[in-house]
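The values are calculated or read from the model by the stated rules, or taken from the named source; none is laboratory data. Just so you know, these numbers come straight off a predicted model, no measurement behind them. Here Cβ is always computed from backbone atoms with ideal geometry, including for glycine, and neighbour counts include all displayed protein chains.
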Amino acid sequence: MPDRNDPFLPPDDEGRALARRLLAEARHAALAYADPAAGTPMISRIAFGLGCDGTPVTLISTLSAHDAGLRAQPLASVMVGEPGAKGDPLTHPRLMVQVRAEPLDRAAPDLSAIRERWLADHPKSRLYIDFADFGFFRLTPIAALLNGGFGRAMKLAPADLRP
């Protein structure tokens, strides 16, 4: 018997497709992470993209607060999905993804492909992508929550997000 207090629908193909589209179209995201000094939640807007295997990535500077936060506590969350031009912003789809952030070594075998894909999606980053303080983080999904609009919320697993 379904729990009437559970507001989540079971995952379906339409929800999975919407979640994948939100990830694929996002060029920035809100990143929630823990402040390494106080342990309290912080939020930052980040540049966002997908690696060649569909795993989310971001390019950030070691001078940023969120770089220090992710290195101290790699569990974080990202939210993608922007309100449309019309209507109540809370009725537009959005996806929250719990992630484990991992800095990518400059010698990582897939870094060149990630870099080229990143530049295709974020051409202005060509100005700073090779600065010594910038590097990529892989944001490996742990779980996700899709709010597909009014009455369309569902919990998704990492496999549901893969292209």
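General remarks:
- Residue within segment 123-146 that is in a loop (DSSP other than H, G, I, E, B), in contact with a Phe, Trp or Tyr (Cβ under 9 Å, 6 or more places away or on another chain), at pLDDT below 95 and under 21 Å from D53 (Cβ atoms) present: no
- Residue count for segment 99-138, restricted to those that are touching an Asp or Glu at 6+ places or on another chain (Cβ under 8 Å), of a type outside the set (D, E, K, R) and under 30 Å from F8 (Cα atoms): 0
- Candidates R152, R100, R117 - the one that is surrounded by 15 or more Cβ atoms within 10 Å (Cβ to Cβ), at pLDDT 95 or above and of a type in the set (K, R): R117
- Residue satisfying condition, being touching a residue at least 24 places away in the same chain (Cβ under 8 Å) and either aromatic (F, W, Y) or assigned to a loop (DSSP other than H, G, I, E, B) (or both), within set G69, G54, G84: G54
- Selected residue (only one of E102, E116 is part of a strand (DSSP E or B) and free of Cβ contacts under 8 Å to residues at least 40 places away in the same chain): E102
- Pairs are defined by a Cβ separation below 7 Å, a sequence spacing of at least 6 or placement on different chains, a first member in segment 1-30 that is assigned to a strand (DSSP E or B) and at pLDDT below 95, and a second member that is surrounded by fewer than 18 Cβ atoms within 10 Å (Cβ to Cβ) and charged (D, E, K, R); the pairs so defined are L9/R152.
- Residue that is modelled with pLDDT under 95 and over 16 Å from P141 (Cα atoms), where the choices are A38, A72: A38
- Complete set of residues in segment 97-113 that are of a type outside the set (D, E) and in contact with a strand residue (DSSP E or B) (Cβ under 6 Å, 6 or more places away or on another chain): V97, Q98, V99, R100, A101, P103, L104
- Qualifying residue in segment 4-27 (condition: over 11 Å from the mean Cα position of the chain (by Cα), surrounded by 11 or more Cβ atoms within 10 Å (Cβ to Cβ) and more than 18 Å from A144 (Cα to Cα)): no
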